[in-house]
Structure formats: C-alpha cells, structure tokens
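The values are calculated or read from the model by the stated rules, or taken from the named source; none is laboratory data. None of the values given here were measured: they were computed from a predicted structure. As a convention, Cβ positions derive from the backbone with ideal geometry for all residues, glycine included, and neighbour counts pool all protein chains shown. Just so you know, the surface numbers come from the protein's heavy atoms only, side chains and all, with ligands and any DNA or RNA stripped out. Shrake-Rupley method; radii C 1.70, N 1.55, O 1.52, S 1.80 Å.
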Amino acid sequence: MARKKLETLTEQMFYVLLALRTERHGYGVMQYVARLTQERVTIGAGTLYALLDRFEKDGYIHRTRTMESRKYYVISPQGEERLQQEYRRIRQQARDMERALGEEEPL
Amino acid sequence: MKYRYELFCYSVIDLKAAQAHLNRMGASGWRLDRIWLETVARYVPADRPVSYCVDWCDARFDENDDYLQLCADAGWTFVAKQGYWNLYEAPAGTPPIQTDSALEYERFQKQVWKQMRWGAVLGGAGLLFLAWLLWLTAQEIPMDGNTLLLWMGMAPVGAVFFGLSAVMGLVGLARFFTQLAKWRRAARTGEPVPDPGRGERTAAKVFGSWNAFFWVGWIAILTHCLAKEGFEKVLFYAVVWIAIGIWFRKRPFPTAGQRREAKGCMIAAVWVLLYWLLLFPVARSWETPGPAIPSLLTDDPARVAAQSLGDADTLRYNVQETRGLLLHYTSWDETDGDNQASLSCYRSRWEALTDAAFRSMLRQTPGLAPAEEGEALWEMEEVWRADVVRTVYLLRTENGVAEATLFTVGPVEDALKTDVIRRMEHCLEE
C-alpha cells in the first residue's frame, strides 16, 4: 500500500531508527535488530537500503562516514523525536490494551 | 561438468514466478550458472542448498558498491542481470532481500508501469498501423503494382499478427491486474507476497516465452520485408545491429541503460542471423511462384532477350518482380518488330487477394468491358496516336490476374489476340 510520507512508522522502520541511536552501518543494523528481537523481526538488505535512503532524505538520520564500501549512519535529533513520538504512541496503545483487558476481567 | 539448460523468459509482472522457479531448481540441487541473451539459462549442480531472490534493477541502488556490499554482508551474491531484474543467490534459509511488502508493492507498481509504457507505445503504433490498413481497404483506392503488393502482402500478415498481439495484450493486462491485486493484498496485510502455485508458474513461463518469440517474429517479418532480395542484406542488418551494440558498449563509462541497450542490439543481431540461417530459406520456399513464361509475343524463350537484343528478336525490358508469401507481382515491357506489349501479372495463393488485385486493376484502366470470349476476360481498345492502337486485355483466373497492354499498327489481329490471351493464361497457370 502506498504509504504517505512516514505518517506512521512500520515495525521495521521503528527498529531501524532504534538501531541507529548508535552509529552503525547497514549490516550492523540488520544484526542488531535480529539480536534485539530474537530473530522475530528480520530486515532484508533491499528493504533496509530503501529505508535508509528514505530516512536520510527525510532528515531522520545522517551519514557519518564510509568505510570499505559500508556507509555508517546515526539518528538525527529529528529522527530521535520521531522515534520517541512512536514510542509514546506504542506505550499508550499498550496501556489502552491493558485497561481494556482489565475491564473484561470477571467481577 | 554436468549442465542443464532451459528457456528463461518471463514478462515483467512475473518476478515472483521467476524467483519461485529458481528456488525450486535450487531446492532440487541446481544452481544458476548464467543466462545467455536473456533467454537461455544454464544450471550447474549445487554443492550446497541455495535460494534466490529476484529484485528490480534500480540504478539508485544496484550501481552503488555499498548496496552490493550490504547484500553480500547479508549473504546475497549478485548472479545475473535479466532484463529489468537482478538475480541474487544465497545459502538456503537466508532472509529475503525485500521484507517490506508495502515497499515491494510500491516498487512493483512503479517498475511495471515504467516497462509497460513501451508496450503501450508499440501497441498503440501497431493499432494505428492496423487502422491505416483497414482505412486503405475501405477506400479501395487505385494503387500501382508494388504498393498494392505491399498492402495485400502486409494486410493479412499484419492483421493476423496484430490480432495475436491484441489477444496477447488482453491476456497480459488480465494477468497484470491479477498480480497487482495479489501484491496489494500482501501490502495491506503486511505479509510477504505468496509464492505462485504450479499453474501460475506454468502460465508465467508460457506467457514469457510467447512474449519473447513475439518479438522474434517481429524482427523476422521486418527483416524479411527489408531484405527479401538477398541473404547478404540480412547479413548486413545483423552487422548493423552488432555495430550499434558495440557503439553503446564502447562508450566511455556506459550506464546500466546503455549496457542494456548494447545487449538488446546483440540479441537482435543474433535473432536476425538465426532467421537468416533457419527461417529465411523456409520463407523463400513458401513464396508464391512467378509466371512460367517470359514473353507475351513469342512462345520461344530463346527469342527473348533482356535489355539488349543481341541475337534474339524480342526485347524484354523494365522487368519488375516482387515476391511475397501470399502474392507474386511481375511486370515487363517488350517489343517485337512493330508490336509492343507490356504485362502486369499477379499470382496469389488466396482468391480474396486475387479479387482485390483484379478490382484495383479494373479501376486503374477505365473503359475495360467484359469480352465476348468468356467471363474471365475484359478488354478495351483505343486509338493511341496516328495509326497506333492501344489494346488492353485483363484476364482473371483462380490463381491470379494478368493485364496485357498491346500497341499495334492498326487493330490487333485475331491470331495475335488469341496468342496473347493463351500466353496470359499460361502465365497464370499453376
């Protein structure tokens, strides 16, 4: 589905931004996300490359250096703000879910 | 080394079918070695299980070293370029290159539309050509022999070919929308695009191969039209294609697009050469034969000479001959003493074409009227100048139409008329 300009972050986008809170190259991001999520979330090389390209254009990350044909990126303040905003949204969703589950508890 | 070869032709929409096929080959112990001319794939036995990913060519990505490095780090090695796709190989079980179905759907739409633009342009041009042929048919305008031949030779071939293209286009369009719906569904659910089933894989293979041979057919027909007079011309066109290909290739720092164009030229050259070697002799043997006799004014071929009288009595000049699969056209002028004659003769395999040629010739010579001798003969006589009389005979048989024009001193004698009509009949005999 054609997505509007990062109106919402997909799970993969979220984890890419999260991984780039520390400077990493592409494959480093893939490894980090797989380790963090215990292989639940895997990001393909093509998808990651497209996401990095998109994030860089949107100013969410910036390139720090290139070594042995590997580009390194780190999150920008704007990206950090977007990540935090998403985090608050997810937490709010989790709280709403917990409240809803609580209301369903038999008295 | 053991090899396995197969046709590897897929249309732009069948990316997943191509990928599924390669993965099946990988699972059965064969890895892709190379693809020749974007048509024939060669496989070699795999020493370990492998899987494949077919991804779109995208100059923003695949020409960057860091992208290839990222793929390599993730386990994917570039194997081959196939038209609008890059083919990557990795050990079985490696996570795929594309994992976001929404992004995949976006790219599918963008790339397929981009590729289909050319199909739409060519299809549009083809339809315009067909419309032009139909318009010509409706107009029934008088045409000279060669134009008529071109029209009559091309109209049925063009109609059949464009008819097939239209059917193929409709099937392609239906398959495109089916695929689009499938990719959209995957994007909505966030799931990967499902691998095509056996039926879909077969359909993709048949459709892709048909697509490829459709273009071969086009190149063959065009080559035949352009170079029907001799083998050396076919060779010339092949060399031209190769030269253009080399020019694209040898430019300093060729882009991916120029490399693709170079490859396309080489493919065209190979098809032209294949056509020259295999199909051209067959096409030649199918051509409609021309008239069996060389003269209207004599039965003795030894008395006929072309361009120069020499020892012969009858001069035959301005000889024109155009051969086609469906129609053969010949015309010549000749002189024998005081008599002058010219002949235009169409021989055809189809009666409908003979009818069209007959109607056209009837329109071109006003004044022709049915003769008393028979239903198949029309004639016209007029004073040309001073004592010279121009007489035209138009004879129609199942196999063709012949028109003889005689310039004689005084009206045509009965004996000459009988002889000329007999030779016209002979011209049109099987």
Taking region B:391-407 and keeping residues over 15 Å from B:W332 (Cβ atoms) and open to solvent by less than 20 Å² (accessible area, probe 1.4 Å) leaves B:T391, B:V392, B:Y393, B:L394, B:L395, B:G400, B:V401
*Any hit, region B:408-416, residues being in a helix (DSSP H, G or I), out of contact with any Cys (no Cβ under 8 Å at 6 or more places or on another chain) and open to solvent by less than 20 Å² (accessible area, probe 1.4 Å)*: no
_Please verify whether A:E81 is surrounded by fewer than 11 Cβ atoms within 10 Å (Cβ to Cβ) and free of Cβ contacts under 8 Å to residues at least 12 places away in the same chain, treating the condition exactly as stated._
no
When A:M30 is run through (1) facing chain B (nearest Cβ under 9 Å); (2) of a type in the set (A, V, I, L, M, F, W, C); (3) not in a helix (DSSP H, G or I), the failure sits at (3)
Among the residues of region A:86-107, is any within 14 Å of chain B (Cβ to nearest Cβ) and not in a strand (DSSP E or B)? no
Checked region B:32-78 for anything farther than 23 Å from B:A212 by Cβ, open to solvent by 50 Å² or more (accessible area, probe 1.4 Å) and more than 14 Å from every other protein chain (Cβ to nearest Cβ); matches are B:P45, B:D47, B:R48, B:P49
In the set B:L277, B:L309, the lone residue that is modelled with pLDDT under 80, hydrophobic (A, V, I, L, M, F, W, C), open to solvent by 70 Å² or more (accessible area, probe 1.4 Å) and assigned by TED's automatic domain parsing to the domain that holds B:G400 is B:L309
The residue that is nearest to the other protein chains (Cβ to nearest Cβ), considering only those in region B:180-191 that are over 13 Å from B:R107 (Cα atoms) and part of a helix (DSSP H, G or I), is B:R188
Problem set entry | Residue in region B:363-376 that is of a type in the set (K, R) and farther than 24 Å from B:D414 by Cβ present | yes
Going through region B:21-31 in order, the residues found to be out of contact with any helix residue (DSSP H, G or I) (no Cβ under 7 Å at 6 or more places or on another chain) and either part of a helix (DSSP H, G or I) or surrounded by fewer than 17 Cβ atoms within 10 Å (Cβ to Cβ) (or both) are B:L22, B:N23, B:R24, B:M25, B:G26, B:A27, B:S28, B:G29
Of the residues in region A:65-78, those that are in a helix (DSSP H, G or I) and either of a type in the set (D, E, K, R) or touching a Gly at 6+ places or on another chain (Cβ under 8 Å) (or both) come to A:Q78
A:A19 meets each of (1) away from chain B (no Cβ under 11 Å); (2) open to solvent by 30 Å² or more (accessible area, probe 1.4 Å) with one exception, condition (2)
query = within 14 Å of chain B (Cβ to nearest Cβ), part of a loop (DSSP other than H, G, I, E, B) and not hydroxyl-bearing (S, T, Y) - does that describe any residue in region A:56-64?
reply = no
